[in-house]
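The values are calculated or read from the model by the stated rules, or taken from the named source; none is laboratory data. From a predicted model like this one, the values you see are computed outputs, not experimental measurements. Virtual Cβ from ideal backbone geometry, glycine too; neighbours counted across all protein chains shown.
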Amino acid sequence: MRKIYILLLLLLCCHTAGCGREETSTGYYEILSERQDFYDVAANTDVRGNFLGMQFYQDEPVQLWALADPLDREKTDIYLYTMNGERKRIMKGLRADFLSSSYSGFLDRDGNLYCFSRLDRGFVVIKTNPEGRQLYRHEEEKDFILADICQLADGRIFLARQGTGSGMSAYVPAELDADTGSISDSTTFAYDASLNMGTGDSGLLCLNNQNIYRIDVDNGMRESIWTFCGTTYVFPESSSSQTLQLWDFRMDESGCPELLWGGRKGAGSFVETLQKAEAGADKEIIVVRGLYFDNWLLKMASLFNQENDDYYVALETCGSEGDMDDYTMKASIEVAAGKGPDIFVGNLLGEYAYGIAQKGGFVDLTPYLESSGIDEADYFPATFAKWRQGAGIYSILPSIALISYYMDGDVLGGNLNPDIDALVDALLSWQGNAVYMIPPGSMDGIDSRSVLEMLLQGSENIWGAVDWESGTCDFDGNLFARILETAKKYGGDSMHNFPGFLQWEYYNLYLYKDESVRKEEGLAAAGILFDDGCYPRIDPYHTYPLSVNINSAHKDGAWEFIRFLLGYEAQTTLSSQATYPSNKNVFDVLIAKEQAEGYGATTGLSDPEYLKRNGEYYLTDERIADLKETLENTRFLPTRTEPILNIIYEEAQAYFAGLKDIDEITTLIENRVQLYLDENR
């Protein structure tokens, strides 16, 4: 073990923690963005037309339009529009089909036009040469949507296709046969929904919100050639009136990306050119590290850096290509060695976080709160709760997203607020076929281990089996055995096509079911059961606590950034309908504004009964009060039980697999947990 530990330390010394580091004087860079607006073609099109798409064509960004021939309604002309609004007719007298909004188009470098559309039972590709003569119309009995398309330097055309129906989430790279229009799936490289295809001189360029890659389509090798990771750059966002799409991108002669953005019918289009610049050379660097960062934190870090004259927040992250388990281990080793970032974000320390917290690895932020005049009473309790020890506050949660679960109360005999005993009794006695829960976007129920986790994770003493004060445990009880039976009975199986008991509640402002709705529909709160009842939990994937490293040499600067995140300016930018500000006063202001504007004003829907049938609800005073009370009671899962829960999950696998009975499993669990308690007493 000692050799392994030394090896990891050596690796750590050679490892660049943030994928945003460059060989500059500070070791960090930012991305500067310059935008050039595209002429708004849609606002000045006076004939019937169909926007086919945008792309870089012959070294300039263009919009591709099919416009009706004003003298012949049965014919269509194809036009290119440039940045300044100049247009050029490139084809004349094509079929009127292209005026249908179902068609999209793409020009290859020789000027051939490919138009794509879904059919009732398939997909069609139509190729037209530069003279306007149709070369072929190829139909395939494949039901999919064209998600992206790009032509390589060698002339080959690749596209990403997205399945429909149950396969909607699958993105598959494919190659288009330019001579026939047939589409064949490519098996050499992977593609996912976050990628966008771009124009490259060699290989295929693909981009997501962390990196730009060059992909060799013949062997699947992927090389990162540009990274957004470790910077505060955020992709342009959609406005309430339009949805922005990245239509195409390329690397210019200096190696900088040029991105072509546009909304529906190309409205609000622009070309964004990105450049790297050294960051924070004249400021004190505050290193903030996490497994990933959401757009809000990226934008707030950028705003802080613009406004603060003394400190610069430098971001470090694992990145999409990194090994998260390895990253968390290295972070914990750094802390043990007296090093590490200034601020830990979210689950950066993984399973090591509890031990580090217990050993005083985080700074007590209480004196900073007091000196800054921040009153706890102005914030929801979860804001300071993650690593709290008595009066000591060791983490800050700047925003709150929450989840809970409910089920049909009939399953529980009409009991809408069951405790753990009532829940497992009802589930064990229920006759029928079901799984415990089917996660959103999945076809299968969660497995038995996950069911067990949901039943156990809310208890501070794992339903009475652990006595922390005496340092003893007893897993021989009837309740624990029944919980194991329940988990085994309702673990998902892909061969089953059973319904799920639990429904997932995200607490979107207009969609969540408040208490009155749940009572009316007979829904039981049966998701995260804590020792004192059923309450929502903090969503770990959309919100994150921040803690200051006890080893930090920049504690004051770290606090300045956290204080900024808790301040009015940053809190009021939390406008998502599923993520709420931690500050109660800001919450009241934002909700009042949302209520005054009215859901009908922004959606065009005004019939309360219609909304209700579709699971949407107006922001009545009663709903707002219910939501605020819910936020008051939202909490983190217990942390000190995590090592014990991991022991339980590991040993329970043999029971779920039918290799050992409950008595054998509980004996093994009790022995291992007692050993853990003895070692950590």
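Data table
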{"read-out": "Residue count, region 650-671 (criterion: crowded, with 18+ Cβ neighbours inside 10 Å and in contact with a helix residue (DSSP H, G or I) (Cβ under 8 Å, 6 or more places away or on another chain))", "value": "8"}
{"read-out": "Residue among ALA391, ALA382 that alone is modelled with pLDDT under 95 and closer than 27 Å to TYR568 by Cα", "value": "ALA391"}
{"read-out": "From SER254, SER269, SER224, residue being crowded, with 23+ Cβ neighbours inside 10 Å and polar (S, T, N, Q)", "value": "SER269"}
{"read-out": "Answer residue from region 494-535, given it is touching a Lys or Arg at 6+ places or on another chain (Cβ under 9 Å) and of a type in the set (Gly, Ala, Ser) and is farthest from ASP444 (Cα to Cα) among those", "value": "SER516"}
{"read-out": "Selection from region 41-79 of residues that are among the charged types (D, E, K, R), in contact with a helix residue (DSSP H, G or I) (Cβ under 8 Å, 6 or more places away or on another chain) and not in a strand (DSSP E or B)", "value": "ARG48"}
{"read-out": "Subset of region 438-481 [over 23 Å from GLN674 (Cβ atoms) and touching an Asp or Glu at 6+ places or on another chain (Cβ under 9 Å)]", "value": "ILE438, ASP444, GLY445, ILE446, ASP447"}
{"read-out": "Qualifying positions in region 295-340 - under 24 Å from SER224 (Cβ atoms) and polar (S, T, N, Q)", "value": "ASN295, SER302, THR317, SER320, THR328"}
{"read-out": "Residues that are part of a strand (DSSP E or B), aliphatic (A, V, I, L, M) and farther than 25 Å from CYS256 by Cα, drawn from region 275-315", "value": "ILE285, ILE286, VAL287, VAL288"}
{"read-out": "Search result, residues across region 219-274 that are aliphatic (A, V, I, L, M) and either farther than 19 Å from PRO61 by Cα or not in a loop (DSSP other than H, G, I, E, B) (or both)", "value": "MET221, ILE225, VAL234, LEU246, MET251, LEU259, LEU260, VAL271, LEU274"}
{"read-out": "Enumerated helices (runs of 4 or more DSSP H) restricted to region 469-574, each holding at least 3 residues that are in contact with a helix residue (DSSP H, G or I) (Cβ under 8 Å, 6 or more places away or on another chain) and in contact (Cβ under 8 Å) with a residue 12 or more places away in the chain", "value": "478-490, 555-566, 568-571"}
{"read-out": "Identity of the residue in region 126-155, small (Gly, Ala, Ser) and in contact with a Lys or Arg (Cβ under 8 Å, 6 or more places away or on another chain), that ends up surrounded by the fewest Cβ atoms within 10 Å (Cβ to Cβ)", "value": "GLY155"}
{"read-out": "Flag for GLY477 being surrounded by 22 or more Cβ atoms within 10 Å (Cβ to Cβ), closer than 26 Å to ALA657 by Cβ, in the same structural domain as GLU520 (by TED's automatic domain parsing) and not aliphatic (A, V, I, L, M)", "value": "no"}
{"read-out": "Selection within region 306-326 - touching a residue at least 40 places away in the same chain (Cβ under 8 Å), within 23 Å of LEU207 (Cα to Cα) and of a type outside the set (D, E, K, R)", "value": "ALA314, LEU315, THR317, CYS318, GLY319, SER320, GLY322"}
{"read-out": "Residue in region 650-661 that is modelled with pLDDT of 85 or more and more than 27 Å from TYR490 (Cβ to Cβ) present", "value": "no"}
{"read-out": "Elements of type helices (runs of 4 or more DSSP H) contained in region 364-460, each with 3 or more residues being more than 24 Å from the chain's Cα centre (by Cα), closer than 23 Å to LEU297 by Cα and outside the structural domain of ILE648 (by TED's automatic domain parsing)", "value": "366-371"}
